[in-house]
1. Going by a ≥ b ≥ c, the root eigenvalues of the Cα gyration tensor, does the chain fall in the rounded group (a/c under 1.5), the prolate group (a/b larger than b/c) or the oblate group?
2. Okay, which of segment 119-139 sit inside 15 Å, backbone N to the point 7 Å along the Cα-Cβ direction of residue 154?
3. Net charge around residue 157, counting only other residues with Cβ within less than 14 Å of its Cβ (Lys, Arg = +1; Asp, Glu = -1)?
4. Of the GluC sites (Glu not before Pro) in segment 1-83, which ones lie in a loop per DSSP and count no more than 14 other C-beta atoms within 10 Å?
5. Just check segment 18-111 against the gyration tensor rule for me: Cα atoms, a ≥ b ≥ c as the square roots of the eigenvalues, rounded for a/c under 1.5, and otherwise prolate or oblate depending on whether a/b exceeds b/c.
6. Between 0 and 90 degrees, rounded to the nearest ten: what's the tilt of helix 164-173 against the longest Cα principal axis of the chain?
7. Measuring from label point to label point, each 7 Å out along Cα→Cβ, what is the residue 17 to residue 5 span in nm?
Amino acid sequence: MGSVHVLEHPLIQHKLSIIRDVNTGPKEFRELVGEIATLMAYEVTKDLPLEEVEVETPIAKAKAKVISGKKIAIVPILRAGLVMADGIMKLIPAAKMGHIGLYRDPDSLKPVEYYCKLPADIGEREMILVDPMLATGGSAAAAIDFVKQRGTKHIKLVCLIAAPEGIALVQKEHPDVDIYVAAVDECLNSHGYIIPGLGDAGDRLFGTK
Ligand code: PRP
Ligand code: URA
């Protein structure tokens, strides 16, 4: 079964508390989501393999380490994953970005796909799939299905807040996927929103409600 990493770094937790606050407006909310994602990327990438190279400093030759050519794809689930993806790209600017368009039908709570565009060599890349909210898990599980059908083999799922229900679904349907979150909350309400959560991530990011 894939493991769940809860990233407890104080900066992540502090910023998460601010975005949970109903009084935090879209500008600050967006900035903080990007910053949290950048901080999470530091943890998510800590197993990247290194190789030794030689560089010439102003003083002498030195043996140094660089990331060993591992190819990465950052893939936000639209639309709420976009701001997180930008935050992760800041640390991994050479990564390629794919996009998956999914929305959750408000009545059935089932995911509906409307867009998918991935780097052509996706089968050779490690994928960092991002979405702020893992609620029922339906969207993430469907997104992972889509990218696996298109050849992706190694996937890490990065979310800000997860419900236990969403974690359980992804672990059941995709036991090969590790999950990285800033918090695991209590449960879902009858509309599928995470309690206490932060409300509707897409609406808060883009000011649509
Ligand atoms: C939100 C969120 C996830 C999904 C999580 O997106 O960004 O994609 O809900 O819910 P689930 O785990 O129950 O599937 P939403 O469907 O609101 O679309 P949006 O990003 O376009 O706002
Ligand atoms: N989608 C959100 O944006 N928030 C939730 O709490 C659940 C699903």
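1. prolate
2. Inside the label zone: 122-129.
3. Numbers: positive: 148, 156, 172; negative: 43, 126, 131, 145, 173, 176, 178.
Combined, the nearby Lys, Arg, Asp and Glu give -4.
4. Here the GluC sites (Glu not before Pro) that fit, given the DSSP loop and packing criteria, are 8.
5. Prolate, because a/c is 1.5 or more and a/b exceeds b/c.
6. 60 degrees
7. 2.4 nm
All of the numbers you see were taken from the coordinates with simple rules; none came from a lab. Bear in mind that the values here come from a model prediction, so they are computed numbers and not experimental data. With ideal geometry, Cβ positions are generated from the backbone for all residues, glycine too; neighbour counts draw on all protein chains shown.
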